[in-house]
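A short worksheet on the structure shown next.
Bear in mind that the values in this text are calculations on the coordinates, not laboratory data. If you're wondering where the values come from, they're calculated on a predicted model, not measured in any experiment. Methodologically, a virtual Cβ is constructed for each residue, glycine included, from the backbone with ideal geometry; neighbour enumeration extends over all protein chains shown.
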Amino acid sequence: LDFFENNFSDYFTISPNPTTDIINLGVLDENRILINAIYIYDMGGNLVGYYFGTTRTMDLNHLFAGNYFMKLTTDKGEFTTQFIKL
């Protein structure tokens with residue numbers, strides 16, 4: 001996984017970070033980018049969550065506390081950011 005291919009914050013926001021259960025994905029300009037899928041990985045690179053590209057609110061209640069990566073596949077390439085689950 002290439003976690004630094006594109007600059008996540010140029011297109012997206014996530015909040016709150018850190019989170020306890022729910023994380024919200026904000027798209028800065030819905031007309032500029034199309035999300036195909038949203039993947040959540042643990043620090044070991046294991047896929048622990050998958051969401052359709054139209055998803056903007058994700059319930060992460062099933063995840064253990066720790067650091068995670070969110071990877072978005074889009075029409076502009078892949079974007080990855082890190083978040084903390086408390």
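Each distinct pair of alpha carbons in the stretch 16-62 adds a 1/r term; the inverse of their mean, the Kirkwood radius, is 11.9 Å.
Cα extents for the chain along the principal axes, largest to smallest and rounded to whole angstrom: 34, 23, 20.
Summarising the label geometry, the points placed 7 Å from Cα in the beta-carbon direction at R32 and R56 lie 1.7 nm from one another. Loop-located chymotrypsin sites (Phe, Trp or Tyr not before Pro) in the chain (DSSP state other than H, G, I, E, B) with a sparse environment of at most 16 neighbouring Cβ atoms within 10 Å: F3, F4, F64.
For the chain, the residue among N36, I22, M70 whose Cα projects farthest onto the positive side of the dipole built from Cβ charges is I22.
Give me the percent relative contact order of the chain, please, defined on Cα pairs under 8 angstrom at least 6 residues apart.
35 percent
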